[in-house]
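The values are calculated or read from the model by the stated rules, or taken from the named source; none is laboratory data. Note that the coordinates shown come from a computational prediction; the quantities given were computed from them, not determined experimentally. Cβ sites come from the backbone with ideal geometry, for glycine too, and all protein chains shown count toward neighbours. Each accessible area value is taken on the protein alone, full model and side chains, heavy atoms only, with ligands, DNA and RNA left out. Shrake-Rupley method; radii C 1.70, N 1.55, O 1.52, S 1.80 Å.
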Amino acid sequence: MPSWCRAAVVLWLWCLLSCHGGRTEAATGTGTAEVLVVIACPPLPRRSLDECFALADSLREQQQQMAGVIPEDYVLRFHIMHELFNYWTLLDALPGETRLLNARTEWIIWCQHNTHVVSLHGLLQQLHNQDPTEAAYYGHALYDTEATIVHHFAHYKNPKWFPYPLLSAGVVFTGVLLRRLAELVALNAQNGYRHSEFAIDAAHELARFIFDNLTPVTDPELKDDPAAAGATLERKIILKSADYICPTPVPWHTPETGTRAQPVLPCMLHAKPELFAIGNRERQRQRRQLPVHTTGSQNIYFAIKTCAKFHKERIPIIERTWASDARHRRYYSDVAEVGIPTISTGIPNVQTGHCAKTLAILQLSLKDISAHKDIRWLVLVDDDTLLSVPRLSALLNGYNHTEHIYLGERYGYRLYAPDGFNYHTGGAGIVLSLPLVPLVLQHCSCPSANAPDDMILGYCLQALGVVALPAAGLHQARPQDYATELLHLQPPISFHKFWNTQPEHTYRRWLGGSAGNNSVPQATAKDRAPLVPMLEERLQLPGLPTGLATAEKHLDL
């Protein structure tokens, strides 16, 4: 087990023991209402862990400063919930979170590592003005501009009305709602209706689960009244937009939306931009004392997956956009075409899945990389993926390339079940540290040629103890499939799919643009040689979830 993983486990156990061994701040009166602040904290990069503890320290300092003037004499508790296994989705974190609640917990403030609490005192004052007996939750509301597969085409006839929270800005739940919600997910997956076995957007899926499974009836005397129940059948619980919870502390201006209006109330909670977006790495190190592993484009190898039918349609778009920043790039296809050029994998093309082809690409890439001593990272991308290579390089500065690092846009499959797992979706780009590539080739195998490559890779790596680490800014879909606030908070690194878009405009608008470059790396006869036999002694994945032997269960955006 890597050292960072052992450290994360120790921290998680320490927090768990400290939480169950006694309250962090004990109440002096039996009738005092309680406010629980939960900080969801990812295991890596190190800066995220530092931000989690800095947020907890800031909250405790603010608590000490307002001693004796806490509204309603609330008792405060703070808990860092480390993201291990499947805890990144709120629904799957609920069983652990509800153990932190007691009968007097009126409010739960859910934060992330990049949530900033401007004024704890002001936040508690706002809670004092809200009804803790109502099954409700509050946050900054995001809306879809059109139906999108990222949200399982929710409310496809009119998706613009449905609000879901910006998690990084913080979300406030009443204890009533969280306890009712926990009852649905505590025992088994059948308690509540889920639209999909896939977890993509934890915020939207939480909002939709609440909307589909809970009603606002909170009065115990009315709960079993048939007349009252009938009157509430058409009523649903949806996110309440709170002006005191903001995406940023100041409004921004965009050509698409104009200037966002100032909130009616001052911001008590808001999200912070991801640190990798700050360009001056030395300034980052001085301000945060964070380790920086210098990565430039010369340290990244891009393995681009294509096929003959898309050679002339998609590859020229890559060459006119991000290719000029990608010194080490190769196009791997089912057919070697010198004029492009592409390198044959020796694997016939299939319509979906591409598992055998992806393993062949990894093997050929590793052989090619052996001639380049400066390569530290391998990035798998599709031929309809747009990238910002400078932003990707900045992101990788926060990770140690000598460890087993598996980065991407994290999805989950059947996370509520024992056979559930996390994986990185392929179209957004999958980043592997170089030491991880031989491990994959040695231990991972395809149950069929058209098994979903990204899911099989994630399942195999989870079995090997390698965590799927989410990378902010990598996107499996198009810009219009995401709320504008998210794209401004997390500067985009990639987008996927060219359909119904203008790829070069998307590249200039969202990914920073780049000068055109007509040059392409030339393939050699050795590069075009048939693929050598796959490595033996692969990991036979026991208990492979039904449907993963083929692309039947693949969610291809």
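Couple of notes before you dig in:
- Under 14 Å from a label point set 7 Å out along the Cα-to-Cβ vector of Tyr193, the amide N atoms of the stretch 126-165 belong to 155.
- Amide H partners (placed H, <5 Å) of Ala136, local residues excluded: Thr174, Leu177
- Ala141 long-range amide H proximity, modeled H, under 5 Å: Ala242
- Three-way shape call for the stretch 348-445 based on the alpha-carbon gyration tensor, with the a/c threshold at 1.5: rounded
- On the basis of the beta-carbon distance and an R0 of 45 Å, Thr145 and Ala463 show a calculated FRET efficiency of 0.70.
- Accessible area, probe 1.4 Å, largest first, for residues Lys497, Lys240, Lys367, Lys312: Lys312, Lys367, Lys240, Lys497
- Rounded to the nearest 10 Å², the accessible area of Trp499 at probe 1.4 Å: 140
- On the basis of the beta-carbon distance and an R0 of 56 Å, Lys236 and Leu441 show a calculated FRET efficiency of 0.70.
- Ranking Ile347, Ile245 by solvent-accessible area of protein heavy atoms (1.4 Å probe, all protein chains present), from largest to smallest, gives Ile347, Ile245.
- Within the stretch 40-196, antiparallel bridges make up roughly 75 percent of the DSSP beta bridges whose residues both belong there.
- When the Cα gyration tensor is reduced to axis lengths a ≥ b ≥ c, the ratio a/c is 1.5 or higher for the stretch 113-216, and with a/b not above b/c it is classed as oblate.
- FRET efficiency, 1/(1 + (r/R0)^6) with R0 60 Å, evaluated for His155 and Asp374 via beta carbons: 0.75
- Sorting Ile149, Ile361 on solvent-accessible area from highest to lowest, probe radius 1.4 Å, gives Ile149, Ile361.
- For the residue pairs Lys160/Lys236; Lys305/Lys373; Lys309/Lys497; Lys312/Lys497, the C-alpha atoms sit more than 20 angstrom apart in Lys305/Lys373.
- Computed over the stretch 41-160, relative contact order equals 29 percent, with contacts defined as Cα pairs under 8 Å that lie 6+ residues apart.
- Whole-number percent relative contact order across the stretch 379-489, with pairs defined as alpha carbons under 8 Å at least 6 apart: 31
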